[in-house]
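Written out below as C-alpha cells is the structure these notes cover.
The values are calculated or read from the model by the stated rules, or taken from the named source; none is laboratory data. Nothing here was measured: the structure is a model prediction, and the numbers come from that model. We place every Cβ from the backbone using ideal geometry, glycine too, and count neighbours over all the protein chains shown.
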Amino acid sequence: MRTHNLTIRDNPALQHKRVFTEPAAVPARPGTPPPVAPHGSLERAKLHVQHKRYGQALDLLRQAIVEKPEDAEAHALLGMIFLRFGMPTEGHLHLNRALALDPHQPVARTYLPVVTEAPAPPPTPRPLPFFERVTGWLRRG
C-alpha cells in the first residue's frame, strides 16, 4: 500500500479556501539591499517616533539612556516626547541635557524654544466669599 504526503497546497480543491497563509512575495528592485531591522533601542525608538507611536518610543528611549547615558539624540527625542505628552518640566530637562552633550543637536534646538517661550499659566482666581458665590449663582439663574 502506498501513502501520499499531500498537503493543503497540493489539493486544488482546498486552495481556494486560503486555509494556509504565506507571506506575499514583494519583488525587490535589483541592486537594493534587503531591509535591516533596527537592533538598538534608539533605532527602534526612532522608528516608533516616525510612526507617531510615542508611548512605545518613550519606553525604548528610557532604555537607550540607561544603556548609553551620554547620547544626545536619545535625550532630545525623550524631551520632545515629554513635550508632546504635556510634561514641559521633564521635556525641558532632557532637551537641556541634549544641548549640553551636543550643542548642535537639531531636535533639541528645534523644541527647546517651544518650552522657553511657552506662556505662563493664568493666575488662579481668588476664592470668593460664600455670599458673593451665592449671589453669582442667583444672577445666572
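A few points about this structure:
- Close pairs from segment 66-93: first under 14 Å from Arg109 (Cβ atoms), partner polar (S, T, N, Q), Cβ under 6 Å, at least 6 apart: Ala72/Gln105; Ala76/Gln105
- Entirely in segment 1-84, the helices (runs of 4 or more DSSP H) that have 1 or more residues that are at pLDDT 90 or above: 41-50, 54-67, 72-84
- Taking the criterion of being touching a helix residue (DSSP H, G or I) at 6+ places or on another chain (Cβ under 8 Å) and not hydrophobic (A, V, I, L, M, F, W, C), the residues of segment 62-88 that qualify are Arg62, Gln63, Glu67, Lys68, Glu70, Asp71, Glu73, His75, Gly79, Arg84, Pro88.
- Hits in segment 78-118 (condition: surrounded by fewer than 17 Cβ atoms within 10 Å (Cβ to Cβ), more than 18 Å from Val66 (Cα to Cα) and among the aliphatic types (A, V, I, L, M)): Met87, Val114, Ala118
- Subset of segment 46-75 [over 13 Å from the mean Cα position of the chain (by Cα) and closer than 22 Å to Pro103 by Cα]: Ala64, Ile65, Val66, Glu67, Lys68, Pro69, Glu70, Asp71, Ala72, Glu73, His75
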